[in-house]
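Computed from the coordinates by the stated procedures, all read-outs in this text should not be read as laboratory data. Source: prediction; values computed, not measured. No Cβ is skipped: glycine too gets one built from the backbone with ideal geometry, and neighbour counts run over all protein chains shown.
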Amino acid sequence: MSTKKIGILTEFNYEDIELWYPYYRLKEEGHEAFTVGPEKGKTYNSKNGYPCKAEYGIDEIQAADIDGLIIPGGFAPDYWRRDERILSLVRDLDAAGKVLASICHGPWVLISAKVIRGRKVTCFSAIKDDVENAGADYSDCPVVVDRNMVTSRLPKDLPDFCREIIALLKK
């Protein structure tokens, strides 16, 4: 197996388990997982106050340098979706067919990056209307894979979410 490089977004009010579960699960598989925030070296606290230091700043990351990106939920996606640097990275990763995974409120970023139209996705129920209004085909199931895109609903779906991310990274 070749080692893949996967960034995981971090920002104020991220959902703890939706960042840390994939982070350690990917490392367990032998991949290089790392956190990416708006500012390198800044510590961002989760919804529950758990700190995460951004190992890289978004300005240091380009689609050509990584094999995938994970967008956790919580309230952080509402900040990420306003950052053109993040939206540009998401568009570039999608255009390159690289793994683009989001869970819970994470699909808000996919909506703002305009990569969700015509795609099959799932998400937290509160943003179901948002993904449908953006032109996505919503399904209420633990995980949905559409080409390079993996989406899930809730923390309880993390085992399925990570299994599908890992499967795509093996292709």
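Values for this structure:
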item: Criterion violated by E55 - all others in (1) free of Cβ contacts under 8 Å to residues at least 24 places away in the same chain; (2) closer than 20 Å to H105 by Cβ; (3) surrounded by 15 or more Cβ atoms within 10 Å (Cβ to Cβ) satisfied; result: (2)
item: Number of the condition not met by R91 [criteria: (1) crowded, with 21+ Cβ neighbours inside 10 Å; (2) among the charged types (D, E, K, R); (3) in a helix (DSSP H, G or I)]; result: (1)
item: Filter result for S125 (hydroxyl-bearing (S, T, Y) and either over 21 Å from I17 (Cβ atoms) or surrounded by fewer than 23 Cβ atoms within 10 Å (Cβ to Cβ) (or both)); result: yes
item: Tally, over the stretch 59-88, of residues that are in contact with a Gly (Cβ under 7 Å, 6 or more places away or on another chain) and either assigned to a helix (DSSP H, G or I) or over 18 Å from N148 (Cα atoms) (or both); result: 3
item: The lone exception for D65 - which of (1) acidic (D, E); (2) within 18 Å of H31 (Cα to Cα); (3) buried (at least 16 other Cβ atoms within 10 Å of the Cβ) it fails; result: (3)
item: Search result, residues across the stretch 58-74 that are touching a helix residue (DSSP H, G or I) at 6+ places or on another chain (Cβ under 9 Å) and farther than 23 Å from A126 by Cβ; result: I58, D59, I61, Q62, A63, A64, I66, D67, G68
item: In the stretch 94-110, the residues that are assigned to a helix (DSSP H, G or I) and surrounded by 24 or more Cβ atoms within 10 Å (Cβ to Cβ); result: P107, W108, V109, L110
item: Pair list, Cβ < 8 Å and 6+ apart or interchain, from the stretch 132-158 residues that are within 9 Å of V121 (Cα to Cα) to residues that are part of a loop (DSSP other than H, G, I, E, B) and among the aromatic types (F, W, Y); result: none
item: Pick from the stretch 140-158, criterion in a loop (DSSP other than H, G, I, E, B) and of a type in the set (D, E, K, R), ranking: nearest to D129 (Cα to Cα); result: D140
item: Top-ranked residue of the stretch 128-139 - restricted to ones that are touching a strand residue (DSSP E or B) at 6+ places or on another chain (Cβ under 8 Å) and not in a helix (DSSP H, G or I), ranked as surrounded by the most Cβ atoms within 10 Å (Cβ to Cβ); result: A136
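Here's the yes/no breakdown for (1) touching a Lys or Arg at 6+ places or on another chain (Cβ under 8 Å); (2) in a loop (DSSP other than H, G, I, E, B):
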| site | (1), (2) |
| --- | --- |
| G7 | no, no |
| E11 | no, yes |
| W20 | no, no |
| Y23 | no, no |
| T35 | yes, no |
| E39 | no, yes |
| N48 | no, yes |
